[in-house]
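Note sheet for the following structure.
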Amino acid sequence: MNAPLVLIGVAVMLQAGSSGFLSGRLDGSQSLLFSTIAFALATLVFTVIDRARRGRGRGPGVLRAHGRLMVAANVLTAVTFIGFYLSLVYVPAALAVSIETAIGPLVIAVAAGRAARTGDHLVGWALIACSGALAWRLSGDAAGAIPVGTLATGVGLALLAGVGAAGLALLSKRLGGLAVDPVTVTANRFHLTYLSALVLLALDPPAVEQVGSLVPLLVLVGVVAVVVPLYLLQVGLQRAEPLSAMTLITTMPGLTYLAQVLFGAAFDPWALALTVVITVIAVGYARVPRRVAPVPAAAGPSAKGRD
């Protein structure tokens with residue numbers, strides 16, 4: 001497996017392990033507090049690194065040169081993470097994360113149009129089927145008791161988050177073709193996410209006495225769950241083919257389940273079997289060689305020089 005896909009794999013494992021640890025430990029308002037802290041922390045850390053590497057006078061370069069792309073990155077990031085969070089209000093987490101990640105490869109294949117191979121669509125549908133079976137195995141009883149309208153709302157939000165994630169993969173590949181530094185992208189793409197989380201947090205704040213004891217833990221987990229993996233993911237997405245990247249990301253629900261088992265959740269052999277099947281399909285197909293798309297004309301020396 002090539003280096004960008006290895007970085008994506010490490011990022012997925014870090015996020016899955018963190019999600020497994022946090023599962024059942026945070027309520028809705030605490031999750032929003034975590035999102036606010038984690039994404040603001042990621043922005044702060046990479047802004048400092050970016051400014052140190054590029055110099056004070058060149059800090060806004062990416063906004064001048066690629067302002068529209070960075071606005072799009074902010075919107076897609078917010079849609080992905082806030083859409084996923086809101087879906088948890090309506091459906092179980094296992095169902096939401098399975099839908100969000102499983103839809104990605106098929107969205108990429110559809111977006112590719114005639115450039116997509118028949119196998120891309122088949123693998124996309126196979127991953128959706130296996131991920132759906134895993135989600136139903138882990139949350140079928142709870143999901144079956146949800147009113148149809150509520151279930152449809154939750155599924156719709158999870159699908160929206162998945163489309164946003166696929167859009168981010170395509171946009172990240174374009175930024176990579178334009179030679180925009182992943183540090184710079186990571187420093188600039190979370191503003192709308194933490195601001196949106198902060199607004200939602202203001203509407204549903206956690207108890208004041210909980211905040212002081214939670215913040216140190218949330219900062220620590222935020223580094224492991226967001227700051228480090230999302231940078232690794234950004235590097236990987238800018239260098240890997242989007243379909244390979246999104247296919248690999250479909251392993252996250254199964255890996256999250258395994259992390260939950262390590263932290264004390266009940267073991268289900270059928271869930272393990274489905275996790276293995278998804279991982280084999282995803283890793284195997286992610287490694288299939290693909291034709292590298294040409295770098296856009298704007299990626300020439302003049303574009304690079306503006307950053």
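Nothing in this text is a laboratory measurement; each read-out follows from the coordinates by a stated rule. Keep in mind that this is a model prediction, so the values were computed, not measured. Because the Cβ atoms are built from the backbone with ideal geometry, glycine has one as well, and the counts that use them run over all protein chains shown.
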remark   = By the DSSP-based rule, helices of the chain that are at least 18 Å long along the axis (C-alpha) and have a mean Kyte score of at least -0.5 are 3-22, 28-54, 61-87, 93-112, 118-144, 148-177, 191-203, 208-222, 269-286
request  = Output the relative contact order of the range 3-290, whole-number percent, from Cα pairs under 8 angstrom with separation of 6+ residues.
outcome  = 40 percent
request  = Would you be so kind as to identify which of M13, I103, A116 lies farthest towards the positive end of the dipole of the chain, taking Lys and Arg as +1 and Asp and Glu as -1 on Cβ and the Cα centre as origin?
outcome  = A116
query = Hey, if you put +1 on the Cβ of every Lys and Arg and -1 on every Asp and Glu Cβ in the chain, which of T193, L178, L157 ends up farthest toward the positive end of that dipole?
reply = L178
key: Dipole moment magnitude, nearest 20 debye, the range 3-290 about Cα centre, only Lys, Arg, Asp, Glu C-beta charged   = 1280 debye
inquiry  = Less than 14 Å Cβ to Cβ from L76, Lys/Arg counted +1 and Asp/Glu -1: what total charge do the surrounding residues give?
reply    = +3
note = At R0 = 25 Å the Cβ-Cβ FRET efficiency linking A152 and V199, nearest 0.05, sits at 0.50
note = So R25 and D268, fully extended at 0.36 nm per residue minus their Cα-Cα distance, gain in nm 85.4 nm
message = What does the C-alpha gyration tensor say about the overall shape of the range 3-290? Classify as rounded when a/c is under 1.5, otherwise prolate if a/b is larger than b/c, or oblate.
response = oblate
